[in-house]
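To start, the structure itself, in structure tokens.
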DNA sequence: TTGTAGGCGTTATCAA
DNA sequence: TTGATAACGCCTACAA
């Protein structure tokens, strides 16, 4: 490893001078500058980030801590944030917690102590108290459906409203017997004010039904499963096999919706002629599947912009009260609804 | 920020003792140990990674430098590598170069100087000489279709053989007029030994045709476009509109194949009854699309295991001659072929 | 315009 | 069993 000291020795200057040159300090004369730069080039110098960080306290990187990168939604979030952060002059360091509380704490600790100037963090197991303990004052933006705190800026997703919108659209197109994938039935009054992402979606579904004079009934709720293609596919196939009478499926996310589309194809059910399907998220895959997916699509670029801007403001010392941030989103009508 | 010195003061021991305790050094007595740990807990201490790295030279992290995270193939690679690296006790730091030579060099420099003990790197713009200069001796595994060097372990993809396999399968099912998405026509003899990933695939296509007594002709080659859904969709729609007579499409990757499926659906062409489609990669999306995709599927877990194991061996001082590594892969027959 | 020197938080050697 | 102490590579007053 070649250090500034090596360059200094080689160029016949002090190590401090090298540092100044590499920081474009104007007080260094052109000849010295050139000489140092030439040597640095020749020795193929690259700065030691640990040393710089240790000394300066700045990393010029932001941490993005997600649960995993396995699902398209997370991937698109990660992609959009990386791209925008880069435009703002920051490296993005992506880390996954794999839904393990230990990993979460460990990663936050590492990140807190160094590696990055701020964190965009999607919590799973940790509660706000624990998060605060780990984050310990480091600038942060939370990606969370719930805004159970007033300690951090939080990117919210309009779950209730989104599912209300997709369900309402379905009903406006004449559907009367929608299924919801995936949750067990719960009484509307028990969940209407829930802070939980899933229950918010269930509540949106029910509110749309009620608004249209339909009373939600337990048969409409498909059992709780993973929010992924495979679970959704298996579940909907099972529903068709058991002879469930439905004319549409409201899905908790796009990935599930794509599994539902697949499962209906397995059963020879035509979409949208026999059954309509709506998703939630707006992942790219939904544009290109057959049939393409009607969904409540988030604007990922807007999401990334707002999250990163908020974080960088905090890094730069903004101490306004933490606030909730919502990205733009809208209903996108495609082929999966009639 | 709370440091070891703070703990030491609070616990009435030296800072060195704190370090020993936090490293589970057996020479520290139980009472001292407990006292220090209690204080550390209370002060919510977390280690400063920069300082540790600067001093010890070890990070316990590996860097994964990809071109982008926008396509499912890269995402699945990143996912699999992160998961396996974690099992081997390493954090994975994912970085994207966005196909910009500058970013590539910059990221490698940062990573070289610190942040991680080794790098899994997918080069785009940089040539081997430049890579070597940036990497500067840091343990590395290259993800690259070409093995133009004997300086690094390199994960190879069986491009020629893979496309040969998918094309041969198509022909064995009675197809006689396959299209190739996407490349311009090139004479077989000019490309059969190419080191380039794309030309290897084209060569595989042609070799399969020749083996079956079919002479490749320019009309079979769809113009060069991006290897993504949208380009493929537009291209195949155009091909159908112009009345091109074909009975199958060999795609350069799965993402393109999914775009082709979509484009054919746009035109009312049935798959596989009218046209068969094969992909290359084995991304998850191919399992669940309609129709599901016949493809030459890589075993991503095997890929990750081999890449990470090789890298960790190097980190641990293995100095065997660099070698080429190929992950398991196999033809997966699904619904998109007749 | 350039050099000297101290310290960022840790690890690790050596001595006590 | 524990404590001094000297780096690791870089940044930045301050001095020259």
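Scanning segment B:12-35 for residues that are touching a residue at least 24 places away in the same chain (Cβ under 8 Å) and within 13 Å of DNA strand C (Cβ to nearest atom) yields one hit, B:22. Screening A:301, A:313, A:309 for residues that are surrounded by fewer than 22 Cβ atoms within 10 Å (Cβ to Cβ), over 25 Å from residue A:173 (Cα atoms) and in contact with a helix residue (DSSP H, G or I) (Cβ under 8 Å, 6 or more places away or on another chain) leaves exactly one candidate, A:301. Counting only helices (runs of 4 or more DSSP H) that fall entirely inside segment B:148-226 and contain at least 1 residues that are without any contact (Cβ under 8 Å) to a residue 40 or more places away in the chain and surrounded by 16 or more Cβ atoms within 10 Å (Cβ to Cβ), the qualifying elements are B:188-191, B:197-211.
Of all residues in segment B:37-55, those that are under 29 Å from residue A:56 (Cβ atoms) and either away from every other protein chain (no Cβ under 14 Å) or within 6 Å of DNA strand D (Cβ to nearest atom) (or both) total 3.
If you go through segment B:36-56 and keep only what is surrounded by fewer than 18 Cβ atoms within 10 Å (Cβ to Cβ) and more than 8 Å from DNA strand C (Cβ to nearest atom), you end up with B:37, B:38, B:41, B:42, B:43, B:44. Taking the criterion of being crowded, with 24+ Cβ neighbours inside 10 Å and within 12 Å of chain A (Cβ to nearest Cβ), no residue of segment B:265-276 qualifies. Would you confirm whether or not segment A:96-114 contains a residue that is on the phi < 0 side of the Ramachandran plot, more than 10 Å from chain B (Cβ to nearest Cβ) and touching a residue at least 40 places away in the same chain (Cβ under 8 Å)? No: segment A:96-114 contains no residue that is on the phi < 0 side of the Ramachandran plot, more than 10 Å from chain B (Cβ to nearest Cβ) and touching a residue at least 40 places away in the same chain (Cβ under 8 Å).
Yes or no, residue by residue, for (1) at pLDDT 90 or above; (2) more than 40 Å from the chain's Cα centre (by Cα); (3) assigned by TED's automatic domain parsing to the domain that holds residue B:285:
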residue	(1), (2), (3)
B:16	yes, yes, no
B:19	yes, no, no
B:26	no, yes, no
B:72	yes, no, no
B:78	yes, no, no
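Anything in segment B:115-130 that is within 25 Å of residue B:303 (Cα to Cα) and within 12 Å of chain A (Cβ to nearest Cβ)? List them, or say none. If the condition is that a residue be within 25 Å of residue B:303 (Cα to Cα) and within 12 Å of chain A (Cβ to nearest Cβ), then B:115, B:116 are the ones that fit.
The values are calculated or read from the model by the stated rules, or taken from the named source; none is laboratory data. Quick caveat, the model's predicted, so the values are computed rather than measured. Every residue, glycine among them, receives a Cβ derived from its backbone with ideal geometry; neighbour counts consider all protein chains shown.
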